[in-house]
Every structure is written in structure tokens, then in C-alpha cells.
Amino acid sequence: ETKEETKQETAETVNYVKKLTAVTHNAIPVVDPHNSSGTGSGPNWVYNMIYDTLIEFTQDGDYIPRIALSWDSDNGQDYDLKIRDDVYFTNGEQLTTDDVAYTIDSAKEAMGNLTYDRFSPVESYDIVDDFEMILHLGSVNVDFMKGLSYPCCGILNRDACEADPEEGNESKVE
């Protein structure tokens, strides 16, 4: 079975909910992790329900995989990032390193946002294949991996966001 056949089968057999109702203690104007108005505990709680991050930082101070399978670095500046091949967005599209690259680029355009702060250490990246990429930081940053675990660092779907910038990440809250 090819990737396209799997994508088509997933899209045909899964029913997706287009609306999520969440009750929080404060208003959430948008559910877009790259929008500076979407910060605080309420939005982070919602981000955790909609997006997934590369890694998780546990209460024990350990890093555990989420989307990432591994994130090896010999020098603390260049990371060989390998991601899972079994992650799909709610529209049925498979998550790839292209989506990770899009998320990094998009975050780096959101100056003044927490997401910008978390991804700005990435000076460049090389995509090896759909499930491996090399992240090159401008300098050693001991907080970089922890930053990737923040809810605002969830990975976005490039195709959906570029096809419909207003609705691509289903960012409106009613």
C-alpha cells in the first residue's frame, strides 16, 4: 500500500469533528500557537488537545518522545531529528519533516511570540527525508530541547495552512 493510498483510505474512513468546544477561565481569541494573542494557561490547555509537540518534558526532568523518535546531538548545536512515520493530521495528511520545517519557518516570522522564542535558535536545517532532518542552531543552547516541549510549539500542517491561511490550522474560536 502506498502513502497516497493510505492517505486516501484514512480520509475516507475517519469522521472528523470541525468544532471543539472548550470552557476555560479566560477568553481565547484564536487557537493559533504563532499568534501572540494566544498565550496563557487557557490557550496552552487547548493547544495540547489540538497540536502535538516533538518532545515532552516530564515532571521528572526527562525528555520523552512525542512526534520525534530521537534528537541526537554530538555538540549541542546540531541535532539529528528523526520523527515518527505514523502521525497524521486530522485531515488525513501524514506529518513529515516538511511540516516541521514549515512550523519552524512560521514561528520565526512570529517575532514577539513565545513560539518565536522557542524556535529562533534554529539558524538553518537540512531535510534528509520525510522523517529525518538536521537542525542547526546558531550557538549551543541548553534550553532548546525544553523549549520544544511547550504547547505553543505544536507542529502545523503546511499544506492546510498554505491552502487556507485563515482556516488552515482551524484557528478561529467562536
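Throughout, read-outs are computed from the coordinates displayed, never taken from laboratory work. Worth saying up front: this structure is predicted, and the values here are computed from it rather than measured. For neighbour counting, all protein chains shown are included, and Cβ atoms are generated from backbone atoms with ideal geometry for every residue, glycine included.
List the number of the failed condition for residue 159; all other conditions in (1) part of a helix (DSSP H, G or I); (2) without any contact (Cβ under 8 Å) to a residue 60 or more places away in the chain hold.
Only one criterion in (1) part of a helix (DSSP H, G or I); (2) without any contact (Cβ under 8 Å) to a residue 60 or more places away in the chain is unmet by residue 159, namely (2).
Could we say that residue 149 is more than 13 Å from the chain's Cα centre (by Cα), at negative phi and in a loop (DSSP other than H, G, I, E, B) here?
no
Just give me the residues in the stretch 92-136 being out of contact with any strand residue (DSSP E or B) (no Cβ under 6 Å at 6 or more places or on another chain) and in a strand (DSSP E or B), in sequence order.
128, 129
Residues being closer than 18 Å to residue 124 by Cβ and part of a loop (DSSP other than H, G, I, E, B): count how many of those fall in the stretch 66-91.
Number satisfying all stated conditions: 5.
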